[in-house]
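This report refers to the structure that appears directly beneath it.
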Amino acid sequence: MTPTRAVALAERRRGRFASCFGGRHRVFLAVIHVRDEEQALRVVGVARGGGADGVFLVNQGIGYQKLLRIARAVVARHRDLFVGVSCLDLRPQDVFCRLPECVSGVWADDTGSCSNVPDNAAAVRAARRDAGWRGLYFGTVTLGNALRDVVEACVAAGEHIDVLTVRSRAAREPPDVDVLRALHEVRARPPLAVVFDATPDSVGAYLPYVDCVLAAPAPDDGSCEPDPAHVPELSRTIHAYSEH
């Protein structure tokens, strides 16, 4: 992919992302590890009531079939909310043909490392085309390599990823702000999302450099649910950020 094409593609992706979320400067998505429908509906209600722009539902101890049925129930109750799924028991290219039309996003949590851009990029593009799915694909690149490798991998990943989702190699550590700062300066990049156990106190360091925060609580108690006490303040902090 030529540099000119990479920049043009990245700009289109950023414009599409902005349109999807009403032009917000910063977007807040709550990550919910789903066990059953009742729990999912309850926690989605907490996230929405606290001001989240949407949710990602991740299967925890259940198969993708049940997760997708639960996603339909969530959308039926929250029709104007961004609802995405992360099917941990499917390869990214195998998700799209199984998605209900109502699902707005797909997050692949193991897209690849920064030194190894995914070999399945062509398969992902073909699967999306064949399924006719028009949502947003969030693909993870895990930090932990040299900065040059990070930048090169992220630019290349923009050819098939709508929203580049960055996380630390260590699950309980927040990503390196300096790396996100460097990625933010790259013209040929898609929208950037960061995923970590975000709190109102910790999220501010990332807001100048990312378009989206995926708040994924650390599994200290096994629940992996947003803290109802944190959600409203986290939402206010993220949404209050302005680039101007």
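Would it be correct to say that Ala127 is over 22 Å from Val55 (Cα atoms), more than 15 Å from the chain's Cα centre (by Cα) and at pLDDT 85 or above?
Details: over 22 Å from Val55 (Cα atoms): yes; more than 15 Å from the chain's Cα centre (by Cα): yes; at pLDDT 85 or above: yes.
Against the criterion (over 22 Å from Val55 (Cα atoms), more than 15 Å from the chain's Cα centre (by Cα) and at pLDDT 85 or above), Ala127 qualifies.
Of all residues in region 201-228, which are in a loop (DSSP other than H, G, I, E, B), modelled with pLDDT of 85 or more and small (Gly, Ala, Ser)?
Those that are in a loop (DSSP other than H, G, I, E, B), modelled with pLDDT of 85 or more and small (Gly, Ala, Ser): Ser202, Ala216.
Give the residue that is nearest to Ala216 (Cα to Cα), with candidates limited to residues of region 49-80 that are surrounded by fewer than 19 Cβ atoms within 10 Å (Cβ to Cβ) and in contact with a His (Cβ under 9 Å, 6 or more places away or on another chain).
Among residues in region 49-80 that are surrounded by fewer than 19 Cβ atoms within 10 Å (Cβ to Cβ) and in contact with a His (Cβ under 9 Å, 6 or more places away or on another chain), the one nearest to Ala216 (Cα to Cα) is Gln60.
Among the residues of region 18-48, what is the count of those that are under 14 Å from Trp107 (Cα atoms) and either open to solvent by 10 Å² or more (accessible area, probe 1.4 Å) or basic (Lys, Arg) (or both)? Spell out how you get there, then give the answer.
Taking region 18-48 as the starting set, the residues that turn out to be under 14 Å from Trp107 (Cα atoms) are 29-33.
When the remaining residues are screened for being either open to solvent by 10 Å² or more (accessible area, probe 1.4 Å) or basic (Lys, Arg) (or both), the result is 33.
Here the count works out to 1.
Going through region 163-188 one residue at a time, which ones are modelled with pLDDT of 85 or more, open to solvent by less than 40 Å² (accessible area, probe 1.4 Å) and in contact with a strand residue (DSSP E or B) (Cβ under 8 Å, 6 or more places away or on another chain)?
Residues satisfying the conditions are Val163, Leu164, Thr165, Val166, Pro175, Val179, Leu180, Leu183.
Does Asp178 satisfy the criteria of being touching a residue at least 60 places away in the same chain (Cβ under 8 Å) and either acidic (Asp, Glu) or touching an Asp or Glu at 6+ places or on another chain (Cβ under 6 Å) (or both)?
Spelling it out, it is not the case that Asp178 is touching a residue at least 60 places away in the same chain (Cβ under 8 Å) and either acidic (Asp, Glu) or touching an Asp or Glu at 6+ places or on another chain (Cβ under 6 Å) (or both).
Which members of region 181-200 meet the condition of being more than 15 Å from the chain's Cα centre (by Cα) and not in a loop (DSSP other than H, G, I, E, B)?
If the condition is that a residue be more than 15 Å from the chain's Cα centre (by Cα) and not in a loop (DSSP other than H, G, I, E, B), then Arg181, Ala182, Leu183, His184 are the ones that fit.
From the list Gly112, Gly84, exactly one residue is modelled with pLDDT under 95 and open to solvent by less than 50 Å² (accessible area, probe 1.4 Å). Which is it?
Gly112 is the lone residue from the list that is modelled with pLDDT under 95 and open to solvent by less than 50 Å² (accessible area, probe 1.4 Å).
How many residues does region 24-57 contain that are more than 18 Å from Glu233 (Cβ to Cβ) and either more than 17 Å from the chain's Cα centre (by Cα) or touching a residue at least 60 places away in the same chain (Cβ under 8 Å) (or both)?
Selection size over region 24-57: 11.
The values are calculated or read from the model by the stated rules, or taken from the named source; none is laboratory data. This is a predicted model, so every value here is computed, not measured. Don't worry about glycine lacking a Cβ; one is built from the backbone with ideal geometry, like all the others, and counts go over all protein chains shown. Ligands, DNA and RNA are excluded from the accessible area calculation, which covers all protein heavy atoms including side chains. Shrake-Rupley method; radii C 1.70, N 1.55, O 1.52, S 1.80 Å.
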